[in-house]
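Here the structure is laid out as structure tokens; the discussion comes afterwards.
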Amino acid sequence: MVDLNFEIEVDRIGLEPPKFQALALLDNRYYRAFDQYFNDNFTLRGPLTFTKNWLDYHVFHSTDSSKVHVGANGWLYDRKSIQVYRKEACYQQAFAHKLALGFHAVEKIVEASGRRLIVTIAPDKSTIYPEFVGFVPKGDTCDSSLYDLFLENVNAHPLESFARCDRLLREWKKRGALLYEKTDAHWNSLGATVVSQAIVRKVYDQKWPYISDFSSLDTGASGDLMVELMGLAAGTEEVSFKHFEGSDRSVPLSAVIYGDSSTLSLAPYMSKIFREVDVIKSDSIPSKQHGEKLSSYDVIVFSVAESRLRTTNLQLDKIFSDLCGEKLTDNRPWVDLQTVAPILQVSAHPRADGLEIKSLGGESVFDLESVPASDDETFRILMLSIESSRPDVMTIECAGQPYTMRRSLKQGLTDVYLPLPFGHQSLCLRINPGSHPGLFMLRSARIFGFPRHSDVTLPTQPEQSVTMMEASHGLRHVTSGEDLESSEPFVDWPAPPQEDGVKKCIDEKAVPRIRRQIIRKPILDRRNTSETLVSHDLPPLPAEAKPMRDSASHEPAPTDPKKSPEEIPSINVTEYEEGRILQRRGTSADVLVSGTYIGVPVAVEARVVKNDTSEQVVPWIVVDTSPENGIFMGMLDGVPQGGWYDFQVRFVNDHNVIDHGMHKWGVGILIACIGQSNMKEWFHTGTDLEAHPLLFRYANKKWLGLGKKGNGAIAFGNRLINRLGLPVGLIDYSVNGSGLRKEADWRMGYWEDLAENSIYNRFLAGVSAAGGFLEFVIWMQGEADAARGTVSEVEYSTSLERFVTKQVRADIGNGSSRKNLPFLIVMMIKRPGGEDGPNQAIRNAQNNVAQNVADCYLAATTLDLKNQGTQHLTHRAYTNLGFRVAQTVLFLLGKEEYYRGPSVVGVTQIDTKNIDVAIRHRGGTDFTPASGISGWEVVTEDLPAFVSEVNRHDAQTIRITLKDPITGPAHVRYLHGAMPDTANPVRDNSPLSLPLEEYEQKQEFQR
Amino acid sequence: MVFSSIFFLFAFLPTVILCYHAERLLSGNGLRNAVLLFFSYMFYLYGAAGFLLVLALSTFADYLLGLLIDRDNRRKHLWLGLSVFLNTGLLVYFKYANFLIEELREILNSFGLSFVGWEEVIFPIGISFFTFQKLSYVIDIYRGKSRPTTNVVDFALYVAMFPQLIAGPIIRFSHVSKQLKKRKESWNQFHAGAMRFCWGLAKKVMIANSCGQIADVAFGLDLHTLDTKTAWLGSLAYTLQIYFDFSAYSDMAIGLGMLFGFRFPENFNLPYSATSITDFWRRWHISLSLWLRDYIYIPLGGSRRGAFRTYLNLAIVSAVCGIWHGANTTFFLWGLYHGGLLVLERATGLSDLPSERYFVVRRFATITAVTAGWVLFRSEDISQAIEFLCVMFTPRDFPVSYQLSLVLNYRNIVFSLIAATAFFLPGEILRHGSAMIEKRAVVIAASAVVILFLLPYCAALIAGGPKSPFIYYRF
């Protein structure tokens, strides 16, 4: 029976009511928060929901749950499994093929390490009990599920470690056994026992006797689907890692079982034949979150649910390095890198340490030819060691096979493991090294061959009377790396004979693509008054498209002036986007220059000229000494900071073959501006200023000038440019209404969110597209978190610190000269309403982070700036703010002596009615106003004392005069709370009139 | 705030009823309108917090202008013009500015020019309804059909009364002016109002939402996978959804009014029993139809200036009716479509036929035409509407889509079939209001059913089902 003794599900975030604030009453978000809070805490909600769901199920045989399918006779199914039931997976053939190959590879690697892999696929309930599914329209495609396609692959090339259990379960079902409960998604104890036996028999090579009497078993029904359908939540959270001690510690074997919720039910049986069993809920081997070492186990079981096959992730590189490590990588056959054939937008050149590949991005491909396929006797894995200058994704396809592999490349060296498909004697792999232009170094390519039948010692066949425990002793126990040489599971692969000609993967298609690619635009040398125009005609396929073993050895040859028009050489530089600013490193930047050409250049040289005058900035430098296949690429090192610039590129051996970039670009400072609406308004409020021509904004993956809009951003950028003379790029990824913490998610997103399409990841994508490095990050946020009223000072402080250190600095390159990427916090502005507590808490937290986290700075205090009476500053206030933040940046760059206004250094009670506040100046020497200063409060016993006047006593002292004498403990504060009195704030006499910073003396001040 | 929400049903409404009747006991009804106004503004604040000032200030402006029109006879044209300008200006700005700017931007783009700097205007809910009410108030005063009220609270309550503030019915001041001053609350009326409200609630959460689930899937399908039967199923489901959704709101508004002693005019009269499009518009959204007739069609000349001018006037009024629903080409074309049908009926004399002639054929033709119109109304854009209509009228058969099978459950089918009886009802039946006031045994029995079964089930659907606001909330 279903146990309904559960707590009502609480899946909402509004656990506390939003704090009452007078002006927040005019904000829709307040009511949304309140409505949510009310719904969450409405006492009858649970019973009403239960009633509705009960009626839906029992009366209408339906449910609104997106996770449950109600079938015939009240049978419940996991909704995901119904998709499998519909059998419309024909478009997933490539994935099924890849999955089968992946399991072959894991099997061989595991066996090579002396261990045993068992793969089972837990059939969905709808596969074993289709008769109760009810009406579900058939899929309109191929009548195959992913499991069917996987089986096709496994049948064609048997996977020895595969323990197929759907047939077994069907047989038991025919015998009258109930293997799945009506209200459960997964098999019951009986089903688990049947599957466990299949696994055990696989471990012991079918030598384990079947047990046929399961009558004593408890079915172990949990009614998980019924719980979900009824809108109830289980009382205990499901753990993703569980350790089981075996019932006999003398058994030498240990096992790890990967799988889903159903896998836990296997553990009781497994723990009888292993010394210890770890059950990990993960569809990835190894798991991403637990850090387990595969080498610690003797048997690895992967029991994936049929409906989760699509998310199976086999991390070959980790499995290989964990189980085989360095020992097995020696003396493996090497693939001759001379067989690399550049095909499109790519060139390859042999270097001493590998093959240098220049790639223009997503379209670029080269072929790796004559790679041996796997066959029935030997399974092969190709390992590519490739070095990339930036994180990227490599894509590998195989001609004539449904084979597409994508592998992430990290910055630096990555070993990529590719299981090679079964097939002909040799394969041709077509490889796109990465989606961004860049230089790659293919260090090596090696083949690992594994014999079909491993020599892992198997357990002796147990006697019929032998218990599970006794039988398990028969399995050979091999610790990590033990006697690997002696077992020698690898089969050498003789290098394929060199072929005379080059067999490209898809020759017919490649040629026209190359020809399209090299259609030239008119090439105009602006220095030349006669303006040479190069023909637009389609040239023949360039000789450089030949494979590198032909082209690598060619002699430098001057271009022939008598060439036919089709052969007129030309060169075309790949342009940056108009207005792009590259982050400087020190005072210059190393700039990638690439492009295409027609002809036979000995080498390609490039220079940088000023965009407006064509004055040379970087002289002609050879950037590519071995351009090939119509591609050149190289680095222009040390391009000095400044702009705007243009590229010029030309053949070394024919200076008339030249191209002049048309898009201006520069080397300067990139600064991210993130936060919520006040940061957004920094780009949009006010048209008082005109942006400097060197100031550009990057948003929505476009570089744009600022024109006259956005006082804050323009004041900020202009001041930097006027002082530094550099282009400044502002990366604008602020989001209106965004919170920092999840509680402050007003459905506009929150910055701690790491989901795929979160505002943070969109920001990262923008930064990545802008080059991946920044010099500063400016953060202007806090209102959303303050408005909730539930985010404490500690919580915001912890979150902001984590955001800075674990997110921003971990994910974004530091383009500054400081140890850490500087993070500048603009303090939250004076609010138009709201309670003091939450607002003060956020400001305190911002101060804490600025003080305690290395290279975090308070970029500007803003309490003295006027807001529009709503949530945002006035346009003049934005101008002021822009100057203040610029001052901070200039200070950090060593261009200014100070960036903060005065601060309070001490408070002294002169007598019962007069208090002196001592201040310390940083930029100024005196302050204003001399009298009528506002914003000061004296609090005695939690009640404010009446302040009669606050005046300047001297340049370093402010005197507060009280109306009535005070006798007890008191404390003084300045600009405290949500809406402090800023009618006459203290500002110093520095050129920026910087404000006295807020102050709170929580202890009794000095008498 | 949505009537069919937990907060409204279990917090707001009980509080209002409690305060309203407590006020009766404590101060003898002297402040009952003020109490209702306070809660009406709270109601609006909850749904459109930033626009309460717009509502309050524009109400006050019309209050003053109404008085000026009445008292300053020489310049009453001026005051009326000012009021019309203010009201239509606000309506155009909030409701149509985004659309107009977008059109302008596209035109400029086609000439290679760009238009930047426009920030999207947020639409305050209910503005279409309360603007029309205020306009009717000043125009009626100008025409001498009614006198202005001197009591600003009464006028503000007339504009902002929460039962009908968001989605009508559009009430004339003359209908409620006496009730604002003198009305007598009674238990019978309260009971009838409560029943009417529950009836509306049930229509919304049981019937309209069930039809809506089917319609949403059908209109959300990729048009390449849509076949004729699904298209018809979706369009008929939407036809039923919009009727039961909007009429449910009107029932609830009328019921709520009765709780506080008001009698609002009916807004629907079995529209799917109409025998012609002309008849349909006498039965559908009656308060809007009458408003358009009295304040646009008749001032344009009505049917008194010859056939062509009559047709033109019908087309104009229909287009206004369409665009009143929102700044979208589909609404505009939906209005023109109905205008075209009205003109056709008038030109061919179909609208003058006795209702019993060709009864079945005419009802079938009318409901088919209305259903096709709703496709235009429901579609995201013209291209979707055209393709959807093409699929409806060009036979195409695909297997039932999986998404559709998910919503074709017993609950939705049962409630949709109950809803479909609306297509077969006779043209005239007893009015709900009067029937419910009379204490017949059947009414008492129905009340027991409602309180014991229907209301708890509706509350359960609201608490446990997906949120589904009224369609007309966005107009």
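Residues being at pLDDT 85 or above, within 21 Å of A:L309 (Cβ to Cβ) and touching a helix residue (DSSP H, G or I) at 6+ places or on another chain (Cβ under 7 Å): count how many of those fall in segment A:261-280.
Selection size over segment A:261-280: 1.
Hey, A:I128 hits all of (1) surrounded by fewer than 22 Cβ atoms within 10 Å (Cβ to Cβ); (2) under 29 Å from A:D317 (Cβ atoms) but one; which does it fall short on?
In the conditions (1) surrounded by fewer than 22 Cβ atoms within 10 Å (Cβ to Cβ); (2) under 29 Å from A:D317 (Cβ atoms), A:I128 misses (2) alone.
Can you pull out every residue in segment A:645-668 that is touching a Lys or Arg at 6+ places or on another chain (Cβ under 7 Å) and closer than 30 Å to A:V808 by Cβ?
Within segment A:645-668, A:Y645, A:W665, A:V667, A:G668 qualify.
Among the numbered criteria (1) part of a loop (DSSP other than H, G, I, E, B); (2) at pLDDT 90 or above, which one does A:T687 miss?
Unmet for A:T687, out of (1) part of a loop (DSSP other than H, G, I, E, B); (2) at pLDDT 90 or above: (2).
Within segment A:863-880, track down each residue that is at pLDDT below 85 and out of contact with any Lys or Arg (no Cβ under 7 Å at 6 or more places or on another chain).
Selection gives A:K866, A:Q868, A:G869, A:T870, A:Q871, A:H872.
Mind checking which helices (runs of 4 or more DSSP H) fall wholly inside segment B:373-475 and carry at least 1 residues that are at pLDDT 85 or above, within 12 Å of chain A (Cβ to nearest Cβ) and surrounded by 15 or more Cβ atoms within 10 Å (Cβ to Cβ)?
B:402-407, B:410-420, B:455-464
Could you please find all residues in segment A:610-640 being among the aliphatic types (A, V, I, L, M) and out of contact with any Leu (no Cβ under 9 Å at 6 or more places or on another chain)?
Selection gives A:V617, A:V622.
Restricting the search to segment A:232-260, which residues are modelled with pLDDT under 80 and in contact with a strand residue (DSSP E or B) (Cβ under 8 Å, 6 or more places away or on another chain)?
A:L232, A:A233, A:G235, A:E238, A:V239, A:S240, A:G246
Could you tell me whether any residue of segment A:283-301 is closer than 27 Å to A:E88 by Cβ, touching a residue at least 40 places away in the same chain (Cβ under 8 Å) and crowded, with 18+ Cβ neighbours inside 10 Å?
no
Which residue pairs have Cβ atoms under 7 Å apart, sit 6 or more places apart or on different chains, and have a first residue in segment A:720-732 that is under 15 Å from A:G882 (Cα atoms) and a second that is charged (D, E, K, R)?
A:R723/A:K895; A:L730/A:R697; A:D732/A:R697
Would you check if A:G134 is away from chain B (no Cβ under 14 Å) and either small (G, A, S) or assigned to a loop (DSSP other than H, G, I, E, B) (or both)?
Taking the combined requirement at face value, the residue does not satisfy it.
Wholly within segment A:745-812, which helices (runs of 4 or more DSSP H) include no fewer than the required count, namely at least 2 residues that are of a type outside the set (S, T, N, Q), closer than 19 Å to A:D855 by Cβ and more than 12 Å from the chain's Cα centre (by Cα)?
A:793-802
Residue by residue through segment A:52-61, note down the ones that are surrounded by 19 or more Cβ atoms within 10 Å (Cβ to Cβ) and either within 8 Å of another protein chain (Cβ to nearest Cβ) or not in a helix (DSSP H, G or I) (or both).
Result: A:K52, A:N53, A:D56.
For the structure I just gave you, tell me whether B:S136 is modelled with pLDDT under 90 and hydroxyl-bearing (S, T, Y).
It is false that B:S136 is modelled with pLDDT under 90 and hydroxyl-bearing (S, T, Y).
When segment B:260-312 is examined, which residues are found to be farther than 23 Å from B:A372 by Cα, in a helix (DSSP H, G or I) and over 15 Å from the mean Cα position of the chain (by Cα)?
Answer for segment B:260-312, where residues must be farther than 23 Å from B:A372 by Cα, in a helix (DSSP H, G or I) and over 15 Å from the mean Cα position of the chain (by Cα): B:R293, B:D294, B:Y295, B:I296, B:Y297, B:A307, B:F308, B:R309, B:T310.
Could you list all residues from segment B:30-89 that are among the aliphatic types (A, V, I, L, M) and within 14 Å of another protein chain (Cβ to nearest Cβ)?
B:M42, B:L45, B:A48, B:A49, B:L52, B:L53, B:V54, B:L55, B:A56, B:L57
For the structure I just gave you, tell me whether A:L101 is buried (at least 21 other Cβ atoms within 10 Å of the Cβ), of a type outside the set (F, W, Y) and either under 30 Å from the mean Cα position of the chain (by Cα) or more than 12 Å from chain B (Cβ to nearest Cβ) (or both).
Yes: the conditions hold for A:L101.
Can you tell me which residues in segment A:768-783 are in contact (Cβ under 8 Å) with a residue 12 or more places away in the chain, on the phi < 0 side of the Ramachandran plot and surrounded by fewer than 22 Cβ atoms within 10 Å (Cβ to Cβ)?
Result: A:A769, A:A770, A:F773.
Residue check, A:L344 against (1) among the aliphatic types (A, V, I, L, M); (2) farther than 22 Å from A:L316 by Cα; (3) modelled with pLDDT of 85 or more, all met but one. Which one?
Of everything listed in (1) among the aliphatic types (A, V, I, L, M); (2) farther than 22 Å from A:L316 by Cα; (3) modelled with pLDDT of 85 or more, A:L344 misses just condition (3).
Given the criterion at pLDDT 90 or above, touching a helix residue (DSSP H, G or I) at 6+ places or on another chain (Cβ under 9 Å), within 14 Å of another protein chain (Cβ to nearest Cβ) and surrounded by 20 or more Cβ atoms within 10 Å (Cβ to Cβ), identify the matching residue among A:V84, A:V106, A:V70.
A:V70
If B:I122 meets every condition in (1) assigned to a helix (DSSP H, G or I); (2) among the aliphatic types (A, V, I, L, M); (3) surrounded by fewer than 19 Cβ atoms within 10 Å (Cβ to Cβ); (4) within 14 Å of chain A (Cβ to nearest Cβ) apart from one, which number is that one?
(1)
The values are calculated or read from the model by the stated rules, or taken from the named source; none is laboratory data. From a predicted model like this one, the values you see are computed outputs, not experimental measurements. Ideal geometry is used to build each Cβ from the backbone, glycine not excepted, and the neighbour counts take in all protein chains shown.
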